[in-house]
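Below is one structure, written out as structure tokens, with a few remarks after it.
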Amino acid sequence: MRCRLAELLTAQDLVVELGRDRLRAVDGVSLSIAAGETFGLVGESGCGKTTLARALLGLQGVAAGRITLAGATVTATGRAGRAAVQYVHQDPGAALDPWWRIGATLAEGLTIHGVTDRAEQQARIAEMLAAVGLDPALGARFPHELSGGQQRRIGIARILLLRPRLVILDEPTAGLDLSVQAAVLRLLAALRDRFGLTYLLISHDLGVVRRVCDRIAVMYLGRIVETGAAASLFAAPRHPYTRALLAAAPHLDGRESAAPPLSGDPPSLRAIPGGCRFHPRCPIAIPVCATTAPAVENVTAGHQVACHRWQEESPHA
Amino acid sequence: MRRLLRDPVATLGFGLILLAVFVALFAPWLAPYPDDAFDSHLLQRLRPPSAEFPFGTDNLGRDILSRVILGTRDALTVALAVVGAAMLIGVPVGLVAGWREGWLAELLMRVTDVFLAVPQLILALALGQLMAPGIGTAMLALALTYWPFFARTVFAETRRLRGALFVDALAGIGASPARILLLHVLPNAAPAILVRATIGMGFTILTAALLGFLGVGAAPPSPDWGLMVSEARQHLPEAWWFPTFPGLAIFLLVLGFNLLGDGLRDLADPRLRRSR
Amino acid sequence: MTQPLLAVEGLAVALRTDHGLARILDDVALTIPPGGSLGVVGESGCGKSTLLRAILGILPKGATTPSGRIRFQGRDLLAGADWARGRIGFVPQDPYLSLNPVFRAGDQILEIMRRHAPGSRADHRRKLVELFRAVQLPEPAAALDKYPHQFSGGQRQRLLIAAALACDPALLIADEPTTALDVTTQREILGLLKRLVAERGLGLLFVTHDFGVLATLCDRVAVLYAGQVAELGPTRAVLDTPWHPYTRLLLACHPDRATTLAGIPGTVPAATAQPSGCRFHPRCPLAQPACAAAPPALLALGERAVACPRHEVPFG
């Protein structure tokens, strides 16, 4: 267990509105990521996790709230003031220009960041390709000539060349086979230690998050419903949505969780339910849930939950 | 390239164009009577095709085969110049309008629409009246009316690519819009531009011939195919060979560009669809 | 002995590519009894989609004529599969791409029923509303006249399950039907499939890369590696005591079992360059010189079968 380290990135009461209809994709999110940790952001499609990431990167303007990076407020600086934060796309193949060779794509990032000397570029690229476990000869290939796992490693190498401090990994193992997933996760852990990185890992796959994250935040419909250390969150989830997510993962022994499955799909941002946003799908909702949004409460130090009924013993922990 | 050669129709078009380029490059050496571009020999006027004059002679006694060969160079030069000029205007307009949102994009595309609505022939005829009629005026008119096609093509491609993940990734690592547009969007739009340019070449040759025929294009005595067909009108139906061979040359070259353009479009299409 | 619902014997399919002939499937044998369920599991490139396509008679262009036999209800499918359309229901992988957006969802399913199921259009409509109720679509009668975009991802997958059931099939084939869905939705859809298959006594052929999904749904499992069956047997037995080294390594990667972030060394071979002998030997911790020499036979041991003579040897 890591001790509490300095905060690298924080967000306070962040609100992000999208499009002309000003849909609130992120609505009052606070989180803080400590230097050196792997922070997991979990939620299903449409919960706002990618929008939150783009806001933290400075690619998406925020309507309210404050973002700090290494102690300095960067809410208004846009992308330029946040080179220390970089983003690895979910689909690494599509994130590479199909007309450019891998080597040229890697060199381009360096050029943009002021490293223009050819020899230095080549040296750094060769070193980084070796660091992500690839043959430097791959630099001469085109993106479509690489396998999914290789493309993902290139996506990571491209970002690490820019020497970031915080890397946002968007579904780093989506679409990969189990045997390859393990290799990518192992690589990410090794790179974190070698380059002193901090990760914000976005995923809907609890199996992945459980294995690599120190702390986890669970997001539902634009709000964080539960935050805590990975161990305590998995051992004793307090929010009914976290419980439902955990129960939904199929297990090898074929056991069905006693928790009833959630009914229906998450409602859209155009029709956000009043009160607690989860109440229409919640198995333990009571009348107050429909009228009053729950406050964020401390379960233990470092474990917060936003639920009116978190203190009642869960029927199936 | 190998995939192109697997398509027999496109290969035929490509062959026709290669032949035309070869003829244009070596015209003075290929033509049996290279001086017949301008010299007239009134004694041998309107001779039918024979061993001496395979395509016959025209109203001034000039060898039609030589003039068709010499005209290839002009036809290709005009097409290249017009398409090149149209690209120079249309591609940047399309890139900027496709990338930007808001009033500038809106303005550029409305101007494009206005130019798209101008009838080519009427503009050429009007310019011919205003300025001296000649091949330069015709080319100006053609370029002024063809660039909107490039603008629209590039606009659509840029809009498509702007949403592509790799462009988002570039913005993510801090690439400037100019870098993204020139080094990434433009190469990715190149197949579509190439298809448009190929078809535009055929189209330009046809229209330039038509302008020559109407007397607002190339001026006599230059060996212009359209002009030759026009001059032949007074000698029909007796001198059938006079308009037939220049007409055939126009037909074959335009056909070649169109077949190649269609072939290139088929090649480009699956790729475009896949990357969406 | 009752006749199997589906029997695949010695199935081989190859694909002509620019790099030569790709042997996608090689000597694959599987059976499903009436009402039985078989899960086919394997990583990308193992040939599981090609297996489905061969059974459904929709192999891509460039595929060679499959050799071997596929018998459905005792009749050969390879000789022509038209008669079986409607009797085999298919649930595709991606609910977003599998419906034509410009036609009403109901009309698209009714069109399938018109071609393959007896009865009038009014009968079909009545039956489809029943099916929509069975797959728990909200407002089943109104759903008939909605367009695909008016349904969420989970609802679309319910629609496609209804479509697969529309012609009263005896066998349901599902191709990773939940990979495009969220976990909570996946759980609902799997529960629904399980119930429908049991209620209607359907045979089920379920293709997936996820052992956990298999464990909840199928009574037997076939593990495919590089186009061949590596291991076959009752789901519980295979998951509890995997025999084939590949199955053992793959299960060790599952989050429920993984103690470390161990993967499987090496990569799946390209179908154009299959290794000699046992196709897994370059990645296998138990490999011996003999493994590279001759391909192992599928040893049948009671209810189970495994294509490895060293299946009892523990990892060192």
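Quick note: the coordinates plus some simple rules give every number you see, no bench work behind them. Small disclaimer: the values here were computed from a predicted structure and weren't measured. Reconstructed Cβ throughout: ideal geometry from the backbone, glycine too, with neighbour counts over all protein chains shown.
I'd like to verify a number: residues in segment A:217-233 that are touching a strand residue (DSSP E or B) at 6+ places or on another chain (Cβ under 8 Å) and assigned to a helix (DSSP H, G or I), how many?
3
Among the residues of segment B:25-40, are any buried (at least 17 other Cβ atoms within 10 Å of the Cβ) and not in a helix (DSSP H, G or I)? Spell out the reasoning first.
Restricting attention to segment B:25-40, the residues satisfying the condition of being buried (at least 17 other Cβ atoms within 10 Å of the Cβ) are B:27, B:31, B:33, B:36-37.
Within this subset, residues satisfying the condition of being not in a helix (DSSP H, G or I) are B:31, B:33.
Scanning segment B:25-40, I find at least one residue that is buried (at least 17 other Cβ atoms within 10 Å of the Cβ) and not in a helix (DSSP H, G or I), so the answer is yes.
With the condition being within 14 Å of chain A (Cβ to nearest Cβ), I'd like the strands (runs of 3 or more DSSP E) fully within segment C:18-101 carrying at least 1 qualifying residues. Give the derivation first.
On the way: elements: C:20-32, C:37-41, C:67-72, C:88-91.
Strands (runs of 3 or more DSSP E) meeting the threshold: C:37-41.
Report yes if A:ALA140 is over 29 Å from A:GLN181 (Cβ atoms) and of a type outside the set (Asp, Glu), otherwise no.
The answer is no for A:ALA140.
Check off (1) more than 12 Å from C:VAL91 (Cα to Cα); (2) buried (at least 22 other Cβ atoms within 10 Å of the Cβ) for C:LEU193 and give me the number that stays unchecked.
(1)
Check A:PRO267, A:PRO261, A:PRO250 and return the single one that is more than 9 Å from every other protein chain (Cβ to nearest Cβ), out of contact with any Cys (no Cβ under 9 Å at 6 or more places or on another chain) and assigned to a loop (DSSP other than H, G, I, E, B).
From the options A:PRO267, A:PRO261, A:PRO250, the qualifying one is A:PRO267.
Of all the residues that make up segment B:155-183, how many are more than 8 Å from chain A (Cβ to nearest Cβ) and among the aromatic types (Phe, Trp, Tyr)?
The total comes to 1.
Which ones in segment A:177-206 are buried (at least 20 other Cβ atoms within 10 Å of the Cβ), among the small types (Gly, Ala, Ser) and either farther than 28 Å from A:ARG243 by Cβ or within 7 Å of chain C (Cβ to nearest Cβ) (or both)?
Hits for segment A:177-206 are A:SER179, A:ALA182, A:ALA183.
Condition first: in contact with a Gly (Cβ under 8 Å, 6 or more places away or on another chain) and facing chain A (nearest Cβ under 10 Å). Can you find one or more residues in segment C:230-238 that meet it?
Yes: segment C:230-238 contains one or more residues that are in contact with a Gly (Cβ under 8 Å, 6 or more places away or on another chain) and facing chain A (nearest Cβ under 10 Å).
Here are some conditions: (1) touching a helix residue (DSSP H, G or I) at 6+ places or on another chain (Cβ under 6 Å); (2) assigned to a loop (DSSP other than H, G, I, E, B); (3) buried (at least 20 other Cβ atoms within 10 Å of the Cβ). A:ILE168 meets all but one. Which one does it not meet?
Unmet for A:ILE168, out of (1) touching a helix residue (DSSP H, G or I) at 6+ places or on another chain (Cβ under 6 Å); (2) assigned to a loop (DSSP other than H, G, I, E, B); (3) buried (at least 20 other Cβ atoms within 10 Å of the Cβ): (2).
Take C:THR241 and tell me if it is within 14 Å of chain A (Cβ to nearest Cβ), in contact with a Lys or Arg (Cβ under 8 Å, 6 or more places away or on another chain) and under 30 Å from A:ARG210 (Cα atoms).
For C:THR241, the condition - within 14 Å of chain A (Cβ to nearest Cβ), in contact with a Lys or Arg (Cβ under 8 Å, 6 or more places away or on another chain) and under 30 Å from A:ARG210 (Cα atoms) - is not met.
What are the residue pairs meeting all of these: first residue in segment C:240-253, first residue under 14 Å from A:ASP177 (Cβ atoms), second residue part of a helix (DSSP H, G or I) and of a type in the set (Ser, Thr, Tyr), Cβ atoms under 8 Å, and 6 or more apart or on different chains?
What qualifies is C:LEU249/A:SER179; C:LEU250/A:SER179; C:CYS253/A:SER179.
Considering each of C:ALA174, C:ALA164 in turn, give the residue that is buried (at least 24 other Cβ atoms within 10 Å of the Cβ), part of a helix (DSSP H, G or I) and on the phi < 0 side of the Ramachandran plot.
Just a single option satisfies the conditions, and that option is C:ALA164.
Taking segment B:187-243, which residues are within 27 Å of B:ASP36 (Cα to Cα), assigned to a helix (DSSP H, G or I) and free of Cβ contacts under 8 Å to residues at least 40 places away in the same chain?
B:PHE213, B:GLY226, B:LEU227, B:VAL229, B:SER230, B:ARG233, B:PRO243
For segment C:193-218, which residues satisfy the criterion of being more than 10 Å from chain A (Cβ to nearest Cβ) and assigned to a helix (DSSP H, G or I)?
Residues satisfying the conditions are C:LEU193, C:ARG195, C:LEU196, C:VAL197, C:ALA198, C:GLU199, C:ARG200.
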